[in-house]
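The values are calculated or read from the model by the stated rules, or taken from the named source; none is laboratory data. Values in this document were obtained by computation on a predicted structure and should not be read as measured data. Cβ atoms come from the backbone with ideal geometry, glycine included; neighbour counts cover every protein chain shown.
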Amino acid sequence: MSDSIRITRDPTAPGPIVRGFAATGYRVGEIAYPALLLAPDWHEPWSPPPFDSLTAEAVAALVDEAPEFLLLGTGASLRRAPAAFVAALEARGLGVEVMDSRAAARSWGVLRGEGRKIVAALYPLDA
């Protein structure tokens, strides 16, 4: 049994593609990132704060993209996002969709494949 998942997406869809994930993180291209920020035209490694301390400032670069909404991957399991974090983003007109990080990585591919302007912040899979 494999400890990793391979994700396939339409190669003509624009932007970074999460090609798979394993205990080491999310694979974009040939690089695995333990935690990741994703925008329609860029991606970068992320050093997220402890989950209960998550603030809008931790995802400020994503908010600047003026997306439809933020996908928040909460790690290995679904956790409720800090209320102050959600309220701060909603005050800026940005919705927050919360799910475990594997589901968020899969949703990223589907929604970007549809051309949706979204962003994602993915906590480590072991968090």
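Laid out as a table, the results:
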item: Filter result (surrounded by 15 or more Cβ atoms within 10 Å (Cβ to Cβ) and part of a helix (DSSP H, G or I)) within region 100-121; result: Ser101, Arg102, Ala103, Ala104, Ala105, Arg106, Ser107, Trp108, Gly109, Leu111, Arg112, Gly113
item: Phe85 vs. criteria modelled with pLDDT under 95, of a type outside the set (Lys, Arg) and either touching a Ser or Thr at 6+ places or on another chain (Cβ under 8 Å) or crowded, with 18+ Cβ neighbours inside 10 Å (or both); result: no
item: Within region 112-127, considering residues that are modelled with pLDDT under 95 and among the hydrophobic types (A, V, I, L, M, F, W, C), the one farthest from Ala32 (Cα to Cα); result: Ala127
item: One residue from Glu97, Glu90 being without any contact (Cβ under 8 Å) to a residue 24 or more places away in the chain and either within 13 Å of the chain's Cα centre (by Cα) or assigned to a helix (DSSP H, G or I) (or both); result: Glu90
item: Residue selected from region 32-48 under the condition more than 10 Å from Ala121 (Cα to Cα) and among the small types (Gly, Ala, Ser), by the criterion modelled with the highest pLDDT; result: Ser47
item: Complete set of residues in region 88-99 that are over 15 Å from Leu38 (Cβ atoms), surrounded by fewer than 19 Cβ atoms within 10 Å (Cβ to Cβ) and touching a helix residue (DSSP H, G or I) at 6+ places or on another chain (Cβ under 7 Å); result: Ala88, Arg92
item: Residue ID - farthest from the chain's Cα centre (by Cα), chosen from residues in region 63-73 that are modelled with pLDDT under 95 and hydrophobic (A, V, I, L, M, F, W, C); result: Ala66
